[in-house]
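Here is the structure we will look at.
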Amino acid sequence: MDSKTFLFFSALLFFSSLSVYAENEEADPGLVMNFYKDSCPQAEDIIKEQVMLLYKRHKNTAFSWLRNIFHDCFVESCDASLLLDSTRRILSEKEHDRSFGMRNFRYIETIKEAVERECPGVVSCADILVLSGRDGIEALGGPHIPLKTGRRDGRKIRTDILEQFLPDHNESMSVVLERFSKVGIDTPGVVALLGSHSVGRTHCVKLVHRLYPEVDPELNPGHVEHMLKKCPDPLPDPKAVQYVRNDRGTPMKLDNNYYRNILDNKGLMLVDHQLATDKRTKPFVKKMAKSQDYFFQEYARAITILTENNPLTGTKGEIRKQCNVANTLH
C-alpha cells in the first residue's frame, strides 16, 4: 500500500469514527432543558397543572413530591426506582424503614395518566417525579428551579443498598455530610436541603427518643411542652396519627424560619440539632437564617445537583407504562 492510499484510508477511518460519535451524541444528548419540546411540548405544563390541582385538594401532596426527590435520586440513580412496587422476592424501596411516612404515590400515577393521554409512551416516570417535586417546591413558596429533563426509568429496585446511600436522621453530621458529598453536594448545599424540614410534619416514632425516658436537655423547654402534648406515648403506634409540625410558625411554607427555629433549639430531629451546632454547618445555618435569598439560591443549586445524579438517558432503561411497575412485568 503506497503512502497516498494509506493516508486516504486513515482519513476515512477518522471521519467514520467522528460520524459514529456524532450519531451516538445525537441519540443520547443526556439531560437537557426542555427535552420534550418536540416529542411532547405540553409535558411540563401538564405536570404543573396536575401538581397544582392535586395540591389544592390535598395540601400534603407537595411535601410528598419534595421528599420523593431525596429518596429516589439519592439511591444510586435518579431513575424512579422508588416508585416500583414490591415483587414476590424484593421489598419495594417505598416500604423500607427509611421511607417511613412516605405516601401519596398514587398521585404520581394520576399525573402519569394525564401525560399519557397527551403523549403515550414518551415522558418517563423519573422526569415526572423530578418535575412534580420541583413544582411542589414552588407551590410551597419556594424558588422556581429550571431543571433539565431526559431521564429514563430504571427496572431495578434498590432496597438492598438503600441504607448505603440514604442518610438517616439520627446519624452523625459527619456521616450526613459524607453521604451528600458522594452525590456532589457540598456543606452549604446540605444545610439548604435540610431546610426542607421547614414544611410538613414528623411522626412521633421519629422523635420520641428525644423525649423519653428523659427529655433531651438540648431541646428548648418551651418547645418540649408542645412536643410532649403531641407525643404522649413513649412507644407510639406507627399507624397512629401522632405528629409534630416541623415548623409551628409557617408549617405550609418553605422558608428560612426553619433555621431560626433550630438556632433556638426547636429542631425536632437529631440531625436538625446537629445542623445548628456543628462547627462545619452552623455558619451556613446563621447565614440562611438571616437571608432567605441565600437559602433559596443554595437550595436551588443543591436540588439541581441531586436531580442530575447518575440518570439513565438515551437508550438505557425504559419509559414505563405505569410508574409502579417495570414494563417487563406488564
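The values are calculated or read from the model by the stated rules, or taken from the named source; none is laboratory data. Because the structure is predicted, anything quoted here is derived from the model rather than measured. Methodologically, a virtual Cβ is constructed for each residue, glycine included, from the backbone with ideal geometry; neighbour enumeration extends over all protein chains shown. Surface accessibility is based on the protein's heavy atoms, side chains included, excluding ligands, DNA and RNA. Shrake-Rupley method; radii C 1.70, N 1.55, O 1.52, S 1.80 Å.
Here are the numbers for the structure shown:
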{"item": "Residue list for the stretch 299-316, restricted to those being open to solvent by 10 Å² or more (accessible area, probe 1.4 Å) and of a type outside the set (Ser, Thr, Tyr)", "result": "ALA300, ARG301, ILE305, GLU308, ASN309, ASN310, PRO311, LEU312, GLY314, LYS316"}
{"item": "Residue check for ASN309: touching a Gly at 6+ places or on another chain (Cβ under 8 Å) and farther than 20 Å from LEU207 by Cβ", "result": "yes"}
{"item": "Count of the stretch 148-206 residues which are over 26 Å from THR61 (Cβ atoms) and either assigned to a loop (DSSP other than H, G, I, E, B) or not hydrophobic (A, V, I, L, M, F, W, C) (or both)", "result": "17"}
{"item": "Given (1) under 15 Å from PRO41 (Cα atoms); (2) out of contact with any helix residue (DSSP H, G or I) (no Cβ under 7 Å at 6 or more places or on another chain); (3) open to solvent by 50 Å² or more (accessible area, probe 1.4 Å); (4) not polar (S, T, N, Q), index of the condition VAL122 fails", "result": "(3)"}
{"item": "Of all residues in the stretch 68-80 being part of a helix (DSSP H, G or I) and touching a Lys or Arg at 6+ places or on another chain (Cβ under 9 Å), the one that is surrounded by the fewest Cβ atoms within 10 Å (Cβ to Cβ)", "result": "HIS71"}
{"item": "Residue within the stretch 57-80 that is modelled with pLDDT of 90 or more, of a type in the set (D, E, K, R) and touching a Cys at 6+ places or on another chain (Cβ under 7 Å) present", "result": "yes"}
{"item": "Total residues in the stretch 215-238, condition under 28 Å from the mean Cα position of the chain (by Cα) and more than 24 Å from SER196 (Cβ to Cβ)", "result": "1"}
{"item": "Where ARG320 falls short, out of the listed (1) surrounded by 21 or more Cβ atoms within 10 Å (Cβ to Cβ); (2) basic (Lys, Arg); (3) more than 20 Å from the chain's Cα centre (by Cα)", "result": "(3)"}
{"item": "Within the stretch 199-239, considering residues that are open to solvent by 30 Å² or more (accessible area, probe 1.4 Å), in contact (Cβ under 8 Å) with a residue 24 or more places away in the chain and of a type in the set (A, V, I, L, M), the one farthest from ASN261 (Cα to Cα)", "result": "LEU235"}
{"item": "Hits in the stretch 30-52 (condition: open to solvent by 70 Å² or more (accessible area, probe 1.4 Å) and either at pLDDT below 95 or touching a Ser or Thr at 6+ places or on another chain (Cβ under 8 Å) (or both))", "result": "MET33, ASN34, PHE35"}
{"item": "Subset tally (residues that are of a type outside the set (Ser, Thr, Tyr) and open to solvent by 40 Å² or more (accessible area, probe 1.4 Å)) for the stretch 83-93", "result": "5"}
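This table checks each residue for (1) over 20 Å from the mean Cα position of the chain (by Cα); (2) of a type in the set (Lys, Arg); (3) in a helix (DSSP H, G or I).
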position: PRO29; (1), (2), (3): yes, no, no
position: TYR36; (1), (2), (3): yes, no, no
position: SER39; (1), (2), (3): yes, no, no
position: ILE47; (1), (2), (3): no, no, yes
position: GLN50; (1), (2), (3): no, no, yes
position: LEU53; (1), (2), (3): yes, no, yes
position: LYS56; (1), (2), (3): yes, yes, yes
position: ALA62; (1), (2), (3): no, no, yes
position: LEU66; (1), (2), (3): no, no, yes
